Each structure stands twice: as C-alpha cells, then as structure tokens.
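Heads up, the thing below is written out as structure tokens.
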Amino acid sequence: MKIETLLSQAGSKWDNRTGAVSMPIYQVATFRHPELGKSTGFDYSRSGNPTRAVLENILAKLEGGAKAFAFSSGMSAIDCLLRIFMPGDHLIVTEDLYGGSYRLFEEYKKLGIDFSYVDTSSWENILFYINERTKAIFIETPTNPLLKVADLYKIGKIAKENKLLLIVDNTFLTFYLQKPFLFGADIVVYSASKYLSGHNDVIGGILVVKDETLAEKVYFYQNSIGSILGPFDSWLVLRGLKTLHLRMERQCRNALKIAKWLEHHHKVKKVYYPGLKNSIWYNILKKQSKGFGAMISFEVESASIVPAILSKVETFLFAESLGGVESLITYPYLQTHSAMSEDLRRRLGINDRLLRLSVGLENYEDLINDLDNALNVG
Amino acid sequence: MKIKTKIIHSGIDKDPYTGASSIPIYQVSTYAQEDPIKLGKYDYGRSDNLTRHAVEEAVANLEGGIKGFAFGSGMAAISSVFLLFKPGDSIVVTEDVYGGTYRVLNTIFKSWGLKSIFVDMSEPEKIIKAIEPDTKAIFVETPTNPVLKIIDLSAVSEIAKKFNLISIIDNTFMTPYLQRPIEFGFDIVIHSATKFLGGHSDLIAGIVVVKNEELAVKIKRIQNSFGAILGPMDSFLLHRGLKTLAVRLEAQQKTAFELAKWFVNERGVKRVFYPLLDDHKGKEIHIRQADGGGAVLSVEFETFDIAYKFMKSVKIPLLGVSLGGVESILSYPSTMSHASMPEGERLKRGISNSLVRLSVGLEDVDDLKEDFSSALYIALSKS
C-alpha cells in the first residue's frame with residue numbers, strides 16, 4: 001500500500017465495535033482487567049494507550065522501523081533517546097543543530113556523556129572525530145537554520161563500518177520525503193509539533209527505531225520516565241498526518257517559489273534553500289529526498305532593518321516553531337538559537353541578519369507580497 | 001443504587017473493548033458498514049455517537065427517565081423540546097423564566113405560531129386559569145431565575161395530568177442530585193448542562209430527559225432531524241464533570257446558604273433571595289421537593305448605586321453571564337441573563353436594577369465573606 005493511502009486511513013479501521021472511521025480518543029488513565037492475571041493489552045495509559053498506540057504503529061510502518069514511540073515533545077523524545085547512553089560514551093553531533101537539542105546535549109555533558117559538535121555536511125569531519133568511546137552519530141539534515149545537507153549514504157556507511165548508531169532528526173523533511181532507514185539509520189527522531197501534526201496546535205515528539213532490541217530499550221525508558229504524549233494530542237497528530245502528503249507537497253512548492261523570488265530582492269544578500277539549483281546541496285539532497293522541504297533562511301543587508309521587517313509582516317506570523325499550515329518567520333539569532341554561545345552562532349553563520357521562514361499553505365503570491373512590503377519598509 | 005454511586009457508575013461507564021475506565025472520545029462523523037443493506041447500529045455521528053450516548057444515558061439514569069438526549073446548548077435543548085408542538089398550540093410558561101427561553105418563545109416560536117402564556121406559578125390556581133383549549137404543555141422552572149420563587153411540582157404535575165398536558169421542567173438550578181421532577185410525575189426534564197452538570201465553566205451543552213417511550217421517539221426524531229447535537233469532546237467533558245456533581249453541589253450549596261444568611265444582616269442589603277431562608281415564601285414546598293437549597297442566591301441592594309459599586313469592587317467572583325461553575329460568578333440580571341426581557345416585564349417579575357445574582361463556587365466561604373464585606377464597605381462609603 002502506498003504512503004498516501006496509509007496516511008489517509010491512519011486509525012480508520014481500528015474500532016470494530018462501532019465501525020468509527022476516526023480513531024476514538026481514549027482519554028483514560030487505567031483499564032479494567034477481564035480477570036486476575038489477564039489483560040486486554042492495555043493496563044495503564046503511561047504504559048500503553050490505544051490512541052497513542054495507533055499513532056505509534058502507523059509511524060513505525062510509514063518510517064519503516066520496528067517500533068515508534070510518542071512523547072510529550074520533541075525534546076522529551078531526544079531526552080529519552082539519550083538515556084540509552086552511559087557516562088563516558090561519546091556522540092558526534094551536527095554542529096548547527098536546533099538550539100533546544102544543543103541545550104539538552106550540554107545538560108547531558110554534565111552527566112558524563114561527551115559530545116563533539118561537527119559540521120556533518122562533510123562526512124570526512126565525522127571520521128576525524130571517531131574514537132574508541134564513540135557510540136553514535138546524531139545528525140540533522142537539512143540543518144536548522146542554515147539548511148546544510150548531510151550525505152546520508154556516506155554517513156550510513158561510516159556508522160556501519162565503525163559500529164555506531166546513526167540517529168537522524170528528520171523533522172524538516174519527514175518520511176514522506178526522506179527515509180533515513182534506507183541509508184542505514186537506526187533511530188529517527190521527530191518533533192511532531194512540526195510537519196507531522198502540521199497545524200501548530202500540538203507539542204509532541206516521536207522516536208522510530210529500526211530493530212526490536214533497540215525498541216525494547218526505548219520502551220523501557222518511555223514507560224519508566226513517562227514523558228508520553230497524551231491521548232488528545234496523539235489523536236491530533238494522527239489527524240494531522242492524514243494530510244501530510246498534501247501539505248508537504250504544497251509547502252515545498254510554495255517554498256521554492258519564494259526562495260527564487262528572494263534571490264532577486266535587492267535587500268536580500270543570501271538565500272539558503274537546498275532546492276535552488278545553484279545551492280551546493282541541491283544534488284545531494286535530490287539523491288536522498290523526494291523534495292527539498294519548506295524551510296528557507298535568508299540574510300538581509302543589515303541587522304538594523306530586521307525589527308522593521310518583523311513588525312511589518314502581516315501574512316507571515318512572527319513566531320517560533322515551523323511546519324504548520326500557517327507561514328512563520330523567525331529570527332534564529334534571538335529565538336531558536338539563543339541558547340548557543342555568541343561564538344558558536346558566529347562560527348556557524350547564525351548572525352543577526354539571518355531570518356528563517358517556515359512556508360505554509362497560503363497563496364504564494366500573498367506571501368511574496370507580504371515579504372516584499374516588509375523588506376521595502378525595512 | 002444510591003444517587004452518589006449512580007453519578008459515578010451510570011449507564012455506559014466503562015469501555016468493553018479495552019476496559020478503559022473512561023469512555024473514549026469518538027471524534028468521528030461516519031462509521032464503516034459491514035453490509036450495504038443491513039446497516040449497523042452506528043451509521044452517522046449526528047444520529048449516534050457512543051461518547052454522547054454515554055452522557056445521555058448517565059443523566060437519564062440520574063433523573064429517573066428512560067432516555068436522555070444531549071444538545072449543543074441549553075437553548076438547543078429547550079428549542080428542540082418546543083418543536084414537539086405545532087402552530088396553533090399554546091403552552092403555559094413560568095413567568096420569570098430564563099431570558100433566553102423567553103426570547104426564543106417570544107420571537108421565533110411566536111412568529112411560527114406557538115403561543116406562550118406567562119404565569120406566576122407560585123400560585124397553582126393561576127395555571128388552571130391560564131389554560132386554553134389549545135394548551136398542550138406547562139413549562140416550569142423552580143427555583144426561578146433570578147428571584148428563586150418556588151413552584152409546587154406535585155401541584156403542577158397534577159394539573160398537567162388533569163388537563164392532559166405535557167409537563168416540562170428546566171431543572172438546571174437543582175440538577176437531579178437535588179431534585180428529580182420525574183418522581184413527581186413530570187414528563188420532560190431539561191438542563192442547561194453548561195451549568196452544574198458540567199460544572200467547570202468549560203463547555204456549552206443542553207440535556208433533555210424524557211419519561212416515556214413515546215416522547216423518546218419524538219425527541220430522538222427531532223434531535224436527529226434538526227441535528228443540534230452535542231459534539232464528542234464536549235460530551236466527554238460533560239460526562240467527566242458529572243462525576244463530581246455531588247461533591248460540588250454539596251460544598252457549593254453549603255457556602256451559598258451561609259452567604260445568604262450573612263447577606264441578610266449586612267447594611268445596604270434590601271432583600272436576599274434563597275429558598276432556605278426563613279422569610280422565603282416557598283421554603284416549605286422547596287424542602288418537600290428538593291434535597292437542598294442549591295448554590296444560587298440573589299441579593300437586592302437598597303439602591304442601584306450600591307449594587308453597581310458592589311459589583312465593581314468584588315475581587316474573587318468573576319463578573320459575568322452563566323452559573324454553576326467551580327468559580328463563583330456574580331451576574332447582573334438586568335444586563336445579562338434577562339437583558340432580552342423588556343424593562344417593564346423585568347420589573348413585574350421583581351428583577352429590579354439593584355438585583356445581583358450570585359452563583360456560589362468552591363472557594364472558601366471566609367474568603368468570599370471578606371471579599372463581599374470590603375466590596376460593601378466601598379459601595380456604602382460616600383465617594
């Protein structure tokens with residue numbers, strides 16, 4: 001069955017009692033046992049909830065993994081994932097990753113887990129950092145906010161040869177466009193608040209793991225720590241998933257049009273979008289993904305015009321987050337990446353002239369006009 | 001089974017599928033069928049929804065009716081009941097009925113041909129006098145809103161039987177925990193479930209409970225044909241709120257009675273309306289037919305100025321429309337619940353411009369007294 005079919009019928013055939021074509025929301029804490037020593041398969045909602053289970057199962061299937069796990073946020077998903085490592089372990093991670101992940105990694109450093117922040121867009125760098133304590137490679141691709149692309153095929157090979165776990169944060173592209181398991185990844189991470197749910201109305205996180213052994217470990221931590229996704233939010237993600245394919249396609253198309261337009265604006269100095277043919281990432285991303293995503297970053301001529309742009313935009317919402325049906329504009333320097341040191345931000349190119357767009361489902365001409373007005377005032 | 005147990009375990013209270021201790025939220029519009037000819041019990045969400053059925057059954061059980069129906073609001077419930085009648089029919093209605101009921105009767109149903117005869121029902125003989133050849137029903141609220149007059153349920157139901165009328169009551173203020181009109185012979189009980197049944201000021205809903213199968217079939221047809229149903233999420237919240245009905249009402253009415261007695265002795269207060277106060281004309285009847293005074297009281301101040309300053313100065317209750325929530329709510333009937341009634345009609349019903357209605361919540365009674373005391377002090381001091 002094709003991905004679109006699976007998506008649009010996610011949870012639609014679960015309930016045999018009434019035939020309900022939408023998954024019931026099991027807003028429940030505990031389950032009655034049929035008799036002593038017997039269980040319906042559900043005992044307590046932290047351990048398993050029917051609504052969450054349907055979401056987890058469909059995600060495992062679509063991503064191509066053994067099991068998926070839903071968490072109360074993207075960060076709690078990554079937090080749970082990091083529990084499988086021990087003090088002394090070493091991870092190689094993408095340097096320009098989401099600021100929240102960076103902050104969390106810095107916390108884990110205090111617990112004795114070591115992280116090397118590496119430009120994973122050139123795979124040779126990874127080889128350089130591998131040592132005998134290295135246990136995993138954690139990458140984001142494309143990166144946030146500069147949209148650098150890592151070569152999944154090459155990195156998958158490196159991970160295999162060195163017996164490292166490969167973890168991919170696939171939030172920006174989703175399995176609809178890019179399937180890291182095909183390239184040898186072991187764990188795929190999502191902030192489900194973004195494209196998976198797609199309506200800017202849920203906070204959630206997902207881990208999908210490739211094999212059963214790893215799944216058991218992750219389940220142990222999910223159940224023990226308990227940072228699960230609630231039934232109603234699980235249902236909303238499930239509901240959002242049904243239009244993932246439509247949303248991604250339209251949002252990618254809108255993004256390409258806007259990126260092309262931005263390239264020619266006199267106040268825009270640089271556009272970061274891997275779908276532009278002149279992008280150095282174009283060929284590699286085309287090889288490993290069905291599309292280029294709907295995130296764009298661009299640098300304006302000076303930092304002094306940024307406040308005016310942010311206050312002038314009307315169609316774009318000036319807000320953090322991304323991946324929803326509404327277009328958002330973000331100022332990474334002070335918002336998503338403020339947790340990073342000034343030095344690191346500077347080295348990565350996250351400067352005070354950089355703006356990030358999450359392109360939504362609006363009419364692209366309206367979006368372009370909105371940006372044009374804002375830029376011309378700024 | 002006692003009512004407190006019934007409140008927790010009424011109707012569908014468990015999921016037979018998984019054992020889940022609460023009813024799943026069936027947020028669904030349609031149901032897959034196994035056979036094109038023999039359709040299953042569930043075919044479309046407007047007609048049947050398991051989450052909605054759970055709360056419908058729960059309230060029906062508490063009221064002692066045979067079937068319950070949940071609507072998108074109290075007014076949707078009331079209007080759906082009025083659809084039982086046909087042009088040319090008339091109904092006798094409690095004079096100081098809720099303003100929204102008054103409005104729908106006096107505008108939409110009036111122009112459509114249903115006549116309403118408003119009567120002070122605290123004297124049952126007046127009902128008999130008002131009955132006309134085309135009268136089909138009696139519509140009652142007791143205690144009334146906002147001056148809490150008491151109507152004798154047995155007397156009304158006897159009149160209804162004698163004249164072959166359908167007896168209908170809006171039981172919102174009392175809920176089945178305190179008053180079960182079907183036990184007194186009433187045919188239809190209506191609720192704004194937004195109030196005490198839901199109890200958390202977080203949903204809008206209405207309920208209709210009927211006594212017999214004939215009415216059940218008719219109301220079901222109306223509910224399904226007009227489709228003013230309650231959605232699954234709100235049905236779930238209502239069911240959830242229902243579980244604490246007994247504990248909420250007990251605490252709320254205890255505080256309400258204490259505050260009513262307290263207001264009586266305060267300066268600037270002209271009159272306090274609460275069914276259990278000794279000077280309340282309907283006290284005896286109320287005690288006979290209900291298990292408590294409820295959590296709503298009204299206070300008439302000596303002047304509009306005092307009432308106004310009092311409302312402006314209170315800090316704990318929120319000022320607004322509605323009642324029955326866990327938070328105390330102070331309302332000004334003249335501009336809120338009874339704004340749709342002309343001033344002349346309002347005054348005739350004792351709803352003066354210095355009347356304030358209080359729905360008592362779960363706050364500490366001493367905090368409320370202190371708040372009211374300082375608000376009164378401000379209201380009474382010369383500015």
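The values are calculated or read from the model by the stated rules, or taken from the named source; none is laboratory data. Just so you know, these numbers come straight off a predicted model, no measurement behind them. Neighbour counts run over all protein chains shown; Cβ positions are idealised from the backbone, glycine included.
Here A:GLY64 meets the list (1) within 24 Å of the chain's Cα centre (by Cα); (2) within 13 Å of another protein chain (Cβ to nearest Cβ); (3) at positive phi almost entirely, failing just condition (2). When A:ASP186, A:ASP201 are checked against the criterion of being touching a Leu at 6+ places or on another chain (Cβ under 7 Å) and within 14 Å of another protein chain (Cβ to nearest Cβ), a single residue qualifies: A:ASP201. The residue that is surrounded by the fewest Cβ atoms within 10 Å (Cβ to Cβ), counting only those in the stretch B:1-45 that are among the polar types (S, T, N, Q) and without any contact (Cβ under 8 Å) to a residue 24 or more places away in the chain, is B:THR5. In the condition set (1) free of Cβ contacts under 8 Å to residues at least 24 places away in the same chain; (2) in contact with a helix residue (DSSP H, G or I) (Cβ under 8 Å, 6 or more places away or on another chain); (3) more than 14 Å from every other protein chain (Cβ to nearest Cβ), A:PHE42 is compliant with all but (3). Checked against (1) farther than 24 Å from B:MET121 by Cα; (2) part of a loop (DSSP other than H, G, I, E, B), B:ALA379 meets all criteria but (2).
Search the stretch A:3-18 for residues being farther than 21 Å from B:ARG52 by Cα and buried (at least 17 other Cβ atoms within 10 Å of the Cβ), and hand back the single one that is farthest from the other protein chains (Cβ to nearest Cβ). Among them, the one singled out is A:LEU7. Scanning the stretch A:181-216 for residues that are modelled with pLDDT under 95 and surrounded by fewer than 21 Cβ atoms within 10 Å (Cβ to Cβ) gives A:HIS199, A:ASN200, A:ASP201, A:ILE203.
Residue-level analysis places A:SER47 among those that are within 30 Å of A:ILE113 (Cα to Cα) and within 14 Å of chain B (Cβ to nearest Cβ). Residues that are among the small types (Gly, Ala, Ser), over 15 Å from B:TYR98 (Cβ atoms) and either touching a Pro at 6+ places or on another chain (Cβ under 8 Å) or assigned to a strand (DSSP E or B) (or both) within the stretch B:333-376 comprise just one, B:GLY361.
Tallying residues that are part of a loop (DSSP other than H, G, I, E, B), within 16 Å of B:ALA20 (Cα to Cα) and either within 7 Å of another protein chain (Cβ to nearest Cβ) or without any contact (Cβ under 8 Å) to a residue 12 or more places away in the chain (or both) within the stretch A:19-28 yields 4. When we screen B:ILE131, B:ILE168 for residues that are surrounded by fewer than 22 Cβ atoms within 10 Å (Cβ to Cβ), touching a Phe, Trp or Tyr at 6+ places or on another chain (Cβ under 8 Å), modelled with pLDDT of 95 or more and at negative phi, the only hit is B:ILE131. Being in contact with a strand residue (DSSP E or B) (Cβ under 6 Å, 6 or more places away or on another chain) and either away from chain B (no Cβ under 14 Å) or of a type in the set (Gly, Ala, Ser) (or both) holds for only one residue in A:THR213, A:THR171, and it is A:THR171. Of all positions in the stretch A:222-245, at least one carries a residue that is of a type outside the set (S, T, N, Q), surrounded by fewer than 16 Cβ atoms within 10 Å (Cβ to Cβ) and at pLDDT below 95. Going through (1) in contact with a Gly (Cβ under 6 Å, 6 or more places away or on another chain); (2) surrounded by fewer than 22 Cβ atoms within 10 Å (Cβ to Cβ); (3) not β-branched (Val, Ile, Thr) one by one, A:PHE292 falls short only on (2). For the stretch B:30-50, residues that are touching a Leu at 6+ places or on another chain (Cβ under 9 Å), within 8 Å of chain A (Cβ to nearest Cβ) and not aromatic (Phe, Trp, Tyr) total 1.
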